[in-house]
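The structure appears below as C-alpha cells.
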Amino acid sequence: MTGADPGGASHGTGAAGTGVGQVVAEDELAGAPDPAVDPAGWALAAERAVEAVASAEELRSLDPLLLGKRSQLTAARQRLGGLAPEERKAAGGELNRVRQQVEAAVERRRGELVAAERRARVEAERLDLTEPLAAARARSLGATSAACGAGVAVWRQGLVHLVQRTRDQLEDVFVGMGFTVADGPEVETDWYNFEALNMPPAHPARGMFDTFYLDVEPAESVVLRTHTSPVQIRVLQSGRLPVYAVMPGRCFRRETADARHFPVFHQVEGLVVDEGITFGDLAGTIETFTAAYFGPGISARLRPAFFPFTEPSAEFEITCTICHGAGCRTCSGTGWVELGGCGMVDPAVLQAVGVDPERYSGFAFGFGIDRCAQMRYGIPDMRAMFDNDVRVLRQA
Ligand code: PHE
C-alpha cells in the first residue's frame, strides 16, 4: 500500500477515499524515512501527508497507513525488541513522541476538513429566498422583461387602498384641527341607527336609509349601520364632555351601484358638543377642512336640508374636481358634488343621552370617504375603486 503509484489504479477511479489528495498523501508517506532511523524525518513526511489529504474521508483512509498495525511506525516499534535496553528506552520514547505529534496533526486536519465540509454543505443547501428587487420593481412598474433580465420573478409592492389612504389623510386633517378619533360597531341596533337619532319607527326619514337587516328576532331590530351617526350616540353616552371627535367607518345601504353610489361605503362623522357652539363654528369647520384637504380652487357650500337628528340641517357640497365646476356626468351637470350632511345637534338627541341642551350645544357632520377619494383623485366612476384595477389603485 505504501508504494501507491500516482498513475496507478487507485488514481482517478472515483472510489471513495482514493482521491488525488490521498494519492499525493500516500506518495509523501512512501518517500518517508524509516521512523526507527530518523523519527523526526518520518514525522515531517507524515505531517506533509496529512496536509495533502483533501477530505475527511481521505484522512480516514490514510490513518491506518500512518499509525495503524501495518504502518512503518508500528514496524519500527516491533523492531525495538532487538535493541539493547538503554537504546530501546530512548528509541521507544522518541517513537512515542513522534506518534503523539502525528496524532495531533491528524486531529487538527480532521477538524479543518470537517468544518470546511460542513460549510460547503450549508452553502449548497442554502435556499436563496431573496430576489433582485431593483429589476423586479422595474418590471412591476411596466418595464419589459428583457430590460429586467429573464427569470426574475415578478415582484409587486403592496399599497394602501385609496379609500384607506383617504381615511388616514382625513383623520390627519381633523387631528390637526384638534379632534380625537372614535370608533363604533358596523352592526347596530335599530335604536342606535335610527331611534336615538330622532327617527322613531315608521318615521319617513328612514326612507333615505334603507339597509340590510340581520336575520335575528325581533325582525328588523339589528341592521348594518346606514351611517356613522350612531357613533355620535355612543360617544355622548360615554358621558365625557366636551366632545370634539371624528368617527370614520364602513356603512351600508340598499343602493344600486352607479357613478356616485355603492351599497358598501365609508363615512366620517364629526361631532362637537360644548358650551356656546354655533352654526358659525360648523360652517368654519367645514370650510377649513375643505381647504386643507382639497386645496385651493375647491370650495364648499351649504344648502338647507333635513335630517331628523340636526336642526337646522344642511347638505354640504364641494366644487366638482372632475370638471372644476363646468358640469359633467359625475356631478350631473351641476358643477357641485354632494359630500355629506351636517347641522346643529337636535336638542332631542342630546336629551336622549342625558346631556343638558340648555347648557350644551353642538354640531355634527357626516360625509363620504369614498366620495372624497373620488374627488381628490379625479375618479369619474365610484365603481372603479372596487374593481381592483391596479392602475386606479396605484395612483397618488
Ligand atoms: N348621517 C347623515 C347621512 O348619512 C349625514 C349627517 C351626519 C347629517 C351628521 C347631519 C349630521 O346622510
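Each Lys and Arg Cβ is given +1 and each Asp and Glu Cβ -1; about its Cα centre, the chain then shows a dipole of about 1100 debye.
Taking the highest mean first, how do the peptides 212-223, 244-255, 29-40 order by number of other beta carbon atoms within 10 angstrom per residue? Before the final figure, lay out each step's value.
On the way: 212-223: 11.7, 244-255: 19.4, 29-40: 17.2.
So the order, starting with the most tightly packed, is 244-255, 29-40, 212-223.
Among the GluC sites (Glu not before Pro) within segment 263-371, those in coil by DSSP and having at most 15 neighbouring Cβ atoms inside 10 Å are 275, 358. Counting Lys and Arg as +1 and Asp and Glu as -1 over every other residue whose Cβ lies under 15 Å from the Cβ of residue 125, the net charge comes to +1. A dipole drawn for the chain from +1 and -1 charges on Cβ atoms has a positive end, and of 297, 159, 323 the residue lying farthest that way is 159.
If you place +1 on the Cβ of every Lys and Arg, -1 on the Cβ of every Asp and Glu, and leave all else neutral, what size is the dipole of segment 20-125 about its Cα centre, to the nearest 20 Debye? Don't skip to the answer; put the middle values down first.
Working: 16 positive and 19 negative charges, 89 e Å.
Taking the Cα centre of segment 20-125 as origin, the dipole is about 420 debye.
Per the Kirkwood formula applied to alpha carbons, segment 42-95 shows a radius of gyration over Rh ratio, Rg over Rh, of 1.10. Does the chain come out rounded, prolate or oblate by the C-alpha gyration tensor, with a ≥ b ≥ c the root eigenvalues, rounded set by a/c under 1.5 and, if not, prolate when a/b is larger than b/c and oblate if not? Because a/c hits 1.5 or more and a/b exceeds b/c, the chain counts as prolate.
Considering segment 214-355, its Cα convex hull presents a mean projected area of 10.1 nm².
Springs join every pair of Cα atoms under 10 Å in this Gaussian network model of the chain, and among 180, 310, 74 the largest mean-square fluctuation is at 74.
Taking 336, 42, 191 as the candidate residues, the one with maximal mean-square fluctuation in a Gaussian network model of the chain, Cα springs under 10 Å, is 42. If you take all other residues with their beta carbon under 14 Å from the beta carbon of residue 76, and give Lys and Arg +1 and Asp and Glu -1, the sum is +3.
Comparing 284, 378, 205 along the charge dipole axis of segment 162-393, the residue lying farthest to the positive side is 378, per the Cβ-charge model.
Every number in this text was worked out from the coordinates using simple rules, so none of it is lab data. What you see is a predicted model; the values in this text were computed from it and never measured. Cβ coordinates were reconstructed from backbone atoms using ideal geometry, including for glycine residues, and neighbour counts include every protein chain displayed.
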